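*Asks:* Quick one: the structure is below, questions incoming.
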Amino acid sequence: MNILAELRQRFDSALSSMVEETSPLLDMIRPATDSKFGDYQANCAMPLKKQLGKNPREIAQDIIDKLDVADMCETPEIAGPGFINLKLKDDWITQQLVASVGDDRLGVPKVATPKTYVVDYSSPNVAKPMHVGHIRSTVIGDTLSRVLRFLGHNVISDNHLGDWGTQFGMIIYGYKHFREDAAYQQNPVAELSRIYRFVRKIMDVLETQAALPKRKLALADQADEIENRKSKEPTGDKAADKKAAKDLRKLEGQHNNAKGAIAELENKLADLQADSDLMALVKEHAKINTAVLQETVKLHEGDEENLKLWHEFLPKCRDEIQRVYDRLDITFDVEYGESFYHDRLANVVSDFEKQGLAKQSEGATCVFLDGFKAPMIIRKQDGAFLYATTDLATIQYRMETWKPDAMLYVVDHRQGEHFDKLFAAAKLWGCADVEMKHISFGTVMGPDGKPYKTRSGDTVGLEGLLDEAVSRALTIVSDNDDKKETPDFSDAKRNTISELVGIGGLKYGDLSQNRETDYIFSYEKMLALNGNTATYMQYAYARVQSIFRRGSIDIEQLRENASGLQLNHPAERTLAVAILRFAEALDDVTFDYRPNLLTNYLFEELAKSYSTFFANCPVLKAEDDVTKESRALLCDLTARVIQQGLQLLGISTVEKM
RNA sequence: GCGCCCAUAGCUCAGCUGGAUAGAGCAACGGACUUCUAAUCCGUAGGUCGGAGGUUCGAAUCCUCCUGGGCGUACCA
C-alpha cells in the first residue's frame, strides 16, 4: 500500500465535486512537516480561496465533510490558515503492517500501467581503464533501473560502450609497434592496457611539446593585455569603470590559472623527458597522432587486418572492465556499443537530408535547431560521422526495437547541450511520443574542490578506488573485531565483509548525493560509522539479526502468525509508519530520477526511527510475550526494508559485522 | 559574447513538483555501556538559506536584477 497514493485517491473523490481540475490539489497532500501535525497534511484548501470565494478554513471543512477516510484516519483536523491534518489510525497501521509481513514486496504495489524504459548508463570506453568519472553514471543508472523494474516497469538497461573510436586506433597502432609478444601471450588484457597507456603517453609528450609554446605565447599576450588595461585611465563613467575593473579581475584570475596550468605541464613534461628511452621512441613516432587516426579510419573502412585485430581485442578489453562490474554487481540487459550502429550512420545522415532537416554548411552536414546558435553536426567535412550521428542511430534502433515510453541517459552535466540538441533533432525526426531525458549529474571532486585527480595529475582509476575503499573497510572491521574478547571472524570472513562494506560505502556515498551537484570525494565520510552511509544501514540490519540470534527467535515462524502486532510505545508507532512509507520513497525516486531520495528515506526516516525504537523498546526483555513478538516483527520488517532498499541501490547486507 | 548550473551551520551536504519554528553527519561541549553489537544513542550550542526587489494567504524553493564561482559553446566523446 502506498499511503500517500491512497489518500490522494480519497481526496480526489472529495474534491472532484468542488473543482474541475483536482490533480494539482492532490499534489498538495504530503507527509506532515512535523509529527505534531499528524502523519499527513493536505494543503489544498488555502489556494482555493480565490476560486471558491470562501474562507480557507471553511473550504477545509467542506473537503473534510466530503472526505471518506474514516477507516484509515482519525477525524481530520483543521489547523492554522486551513491545513488539514491527518493522523493514521493505529489499528489501520497494524493492519497494513500485517499485510507487509506476509508480502515479498513489503507492501510496495506494482504500477497499474507499466512503461518501457531504456536506461543508458555507464558507457565507458572499452579501450581505456575505467576511472572515477564512471562511478556516478554506473551506480545511478543501475539504481534507477532496479527501482523502475521493482515498481513493475519494463526496463532495458543498455551499456552504450565506446568500442569504435580513436582509442582502438591507438591500441591497434600500439599493438603493431610496441607489443611484447611474451607478455601478450601470457596476459593479453594487461598487455593491451599497457599498450594503450604507452601510446597515450607518447601522444601526451608530443601534444604537450606542441602546445606549450602556444600557451606560453598566449600567456604573454594575456599579460600584455592586463598591463594595457591597468594603464588605462578611468573613463569617469561609473558603470563602465566598474565593469572594466571586474573584467580585469577576471582576466587576472584566468592568467593565474593559466600560469599554474603551464607550470604543471612543464613539470609533467620534464618528468617524461627525463626518460631517454621514451624520448627516443617519441622521436621515432613523431607522427603518431595522424597515424593513429589513420588506423581508426582503416578500421571503419573495413580494413581486413585492423578489423581482425579489433575482433581480437574487443572481448579482451571488455573482460578488463567486467572485473569492475563484477565487483560492483552491475549488469546490463544489452550492450550495444558504438560499433553496433556503424552501418546505420550513412542512412541516418541521408534520411535527415532527404527530409530537409539537415543541410551542408562549411563542408559539414548540419542540423540547425531553433534556440541553438551552433548546429548539430552529423557528418564532418572529411566525411566522418560523430557521436551525434551514432546517438541518432541509437534512438532510431531503440524506437524500432523496443518502442520505449522513455529513454534515460545517465551522463554527466557537461553534455547537457548535446542532449538538448539530440532530443530536439530526434523530435523533428519523428520521435515525438517518447520521453527523452538527460539524467545529468555533477563531478566528483578531490579534497581541493577540483575534479578528482591523483597527486601527479592523472585521473583516478576506478579499480584503485575500489581497492582503497575495501582496504579501509578491512581496517575498520578488523579493529572492531580485535577489540572483542574473542574475535568473531576469520581472515576470510573479514575480507568478505570488507568487500561488501567498502563497495557498499562507495556506492551509497555517491547515491546519497543529490545527483545534480558536484561532491567532494572522501573515504572517511563514505565509510563513516555514523550518518547517512551504507555502513550505518548495514549495521542497523546486522543488529536486528543479532537480536534474533541472541534470543533464538525463529522469525520465519513468527511471520506466519503475525496477527498480534501492537503499537504501545510512540517509538513503535513512528517506526511502523516509517516502514509503511517505503513505497512512497520509491515513487519519489522515479518522479525526477533521484536515487538520493531513497537513501534519505532509509536514513532519515527508517534508520533514525529504528534507533529510537532500539533504545526505548527492548525486544528480548520485553514485559510480555505479545510485546516481544510484536517488536520482533517490527525489527524484522525494518531489516527487510533496509535489505530491499539497499538491494535496489545495488548494495548487500551482512548478517554480522 | 551567448547558454546552462551552483551559492543553505565552522566543514561536508540534505531540503528546491511553494506550506506551519530551515535539517543531518562531522567538528565542539555535556551525558548514557554488569543492558538486543557503544560500529550506538540522548542532549547543548551553532543560520540575515550570497545580496536586493517582486509574485503569493505563505518563498531556501518561483520570477527579475546584482555579486561571486563552475561548466559548455561548429566538425572529441
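The values are calculated or read from the model by the stated rules, or taken from the named source; none is laboratory data. Keep in mind that this is a model prediction, so the values were computed, not measured. Cβ: placed from backbone, ideal geometry, glycine included. Neighbour counts: every protein chain shown. Protein only, heavy atoms only, side chains kept; ligands, DNA and RNA dropped before computing areas. Shrake-Rupley method; radii C 1.70, N 1.55, O 1.52, S 1.80 Å.
*Asks:* Can you list the lysines whose alpha carbon is less than 18 Å from that of A:K316, not counting same-chain residues fewer than 8 positions off?
*Replies:* Leaving aside lysines fewer than 8 places away in the same chain, those within reach of A:K316 are A:K128, A:K176, A:K308.
*Asks:* Continuing with this model, one more query. Using a 1.4 Å probe on the protein heavy atoms, what percent of the accessible area of region A:464-648 belongs to carbon and sulfur?
*Replies:* It is 47 percent, rounded to a whole number.
*Asks:* So, in Å, what gap is there between the alpha-carbon centers of region A:29-81 and region A:408-460?
*Replies:* Distance between centres, Cα-based: 42 Å.
*Asks:* Right, another one. For a protection proxy built on the mean count of beta-carbon atoms within 10 angstrom, sort A:633-642, A:376-385 highest first, please.
*Replies:* Ranking, from highest mean packing down: A:633-642, A:376-385.
*Asks:* Moving on to the next point. Tell me the mean residue ellipticity at 222 nm calculated for chain A from its helices only (DSSP H runs of n ≥ 4, each -39500 (n - 2.57), averaged over every residue, nearest 500). Before the final figure, lay out each step's value.
*Replies:* Values: 26 runs with 378 residues, N = 657.
Only helices count here, giving -18500 deg cm²/dmol.
*Asks:* Testing the spin-label approximation: label points 7 Å from Cα along Cα→Cβ at A:L307 and A:A263. State their distance in nm.
*Replies:* According to this spin-label approximation, the distance is 5.3 nm.
*Asks:* If packing is taken as the mean number of other Cβ atoms within 10 Å per residue, what is the order of A:137-143, A:651-657, A:392-398, highest first?
*Replies:* A:137-143, A:392-398, A:651-657
*Asks:* Next question. Take A:D271, project a point 7 Å from its Cα along the Cβ direction, then tell me which residues of region A:438-472 have their backbone nitrogen under 13 Å from it.
*Replies:* A:453-460
*Asks:* I would also like to ask the following. Between A:S611 and A:D448, what is the FRET efficiency for a Förster distance of 41 Å, r being their Cβ-Cβ separation, to the nearest 0.05?
*Replies:* 0.70
*Asks:* Now a separate question. Obtain the nm distance between the two label points defined at A:R455 and A:N568 by a simple spin-label model: each point lies 7 Å from its Cα along the Cα-to-C-beta direction.
*Replies:* 6.1
*Asks:* Continuing with this model, one more query. Compute the length gained on full extension between A:E77 and A:N256: take 0.36 nm times their separation in residues and subtract their Cα-Cα distance, giving the result in nm to one decimal.
*Replies:* Details: separation 179, 0.36 × 179 = 64.44 nm, distance 6.23 nm.
Extra length from A:E77 to A:N256 when fully extended: 58.2 nm.
*Asks:* For region A:166-228, which whole-number percentage of the solvent-accessible area (1.4 Å probe, protein heavy atoms only) is attributable to carbon and sulfur atoms?
*Replies:* So the carbon and sulfur contribution to the accessible surface is 50 percent.
*Asks:* Starting from the coordinates of the alpha-carbon atoms of region A:464-648, obtain the Kirkwood hydrodynamic radius over all distinct pairs and give the value in Å to one decimal.
*Replies:* 17.6
*Asks:* Take the alpha-carbon centre of region A:599-657, take the same for region A:1-23, and report the distance between them in whole Å.
*Replies:* Value for the Cα centre distance between the two parts: 32 Å.
*Asks:* Let me ask another. Projecting each Cα onto the charge dipole of chain A (Lys/Arg +1, Asp/Glu -1 at the beta carbon, about the Cα centre), which of A:V470, A:Q254, A:I439 comes out farthest on the positive side?
*Replies:* A:Q254
*Asks:* With a ≥ b ≥ c the root eigenvalues of the C-alpha gyration tensor of region A:392-439, is it rounded (a/c under 1.5), prolate (a/b larger than b/c) or oblate? Mind dumping the intermediate values first?
*Replies:* Values: a/c = 2.00, a/b = 1.51, b/c = 1.33.
Because a/c hits 1.5 or more and a/b exceeds b/c, region A:392-439 counts as prolate.
*Asks:* Turning to a different aspect of this structure: Does chain A classify as rounded, prolate or oblate by the C-alpha gyration tensor (a ≥ b ≥ c root eigenvalues; a/c under 1.5 gives rounded; else a/b over b/c gives prolate, otherwise oblate)?
*Replies:* prolate
*Asks:* Calculated FRET efficiency, A:T401 and A:T331, Cβ-Cβ r, R0 22 Å, to nearest 0.05?
*Replies:* 0.70
*Asks:* When ligands, DNA and RNA are left out and all protein chains stay put, how many square angstrom of accessible area per residue does chain A have with a 1.4 Å probe?
*Replies:* 49
*Asks:* Quick one: if you stick a label point 7 Å off each Cα along the C-beta vector at A:K110 and A:E516, how many nm between them?
*Replies:* Distance between label points: 3.4 nm.
*Asks:* Pop the C-beta distance of A:K89 and A:R550 into the FRET formula with R0 = 35 Å and round what comes out to the nearest 0.05.
*Replies:* Numbers: r = 34 Å, r/R0 = 0.96.
According to the calculation, E is roughly 0.55.
*Asks:* Okay, next question. Relative to the longest principal axis of chain A, what angle (0 to 90°, nearest 10) does the C-alpha long axis of helix A:56-66 take?
*Replies:* Once rounded, the angle reads 70 degrees.
*Asks:* At a 10 angstrom cut-off on C-beta neighbours, averaged per residue, how do the peptides A:494-500, A:427-433, A:644-650, A:369-375 rank from highest to lowest?
*Replies:* My ranking of the peptides, most packed first, is A:644-650, A:494-500, A:427-433, A:369-375.
*Asks:* Bin all alpha-carbon pair distances of region A:166-311 at 5 Å intervals from 0 and give each bin's fraction as a whole percent.
*Replies:* Calculated P(r), rounded to whole percents: 2, 8, 14, 13, 12, 10, 8, 7, 7, 6, 5, 4, 2, 1, 0, 0.
*Asks:* Rounding to the nearest 20 debye, state how big the charge dipole of region A:166-311 is about its Cα centre with +1 on each Lys and Arg Cβ and -1 on each Asp and Glu Cβ.
*Replies:* In debye, rounded to 20, region A:166-311 gives about 660.
*Asks:* In vacuo Debye scattering of region A:572-636, one point per C-alpha: log10 I(q)/I(0) at q = 0.14, 0.21, 0.23, 0.24 Å⁻¹?
*Replies:* -0.46, -0.80, -0.89, -0.93
*Asks:* Helix A:387-402 versus the longest principal axis of chain A: what is the Cα-based angle in degrees, 0 to 90, to the nearest 10?
*Replies:* 40
*Asks:* Starting from the Cα gyration tensor of region A:41-156, take the square roots of the eigenvalues, sort them a ≥ b ≥ c, and report rounded, prolate or oblate (rounded when a/c is under 1.5, otherwise prolate if a/b is larger than b/c, else oblate).
*Replies:* Working: a/c = 3.33, a/b = 1.98, b/c = 1.68.
Note, shape of region A:41-156 comes out prolate.
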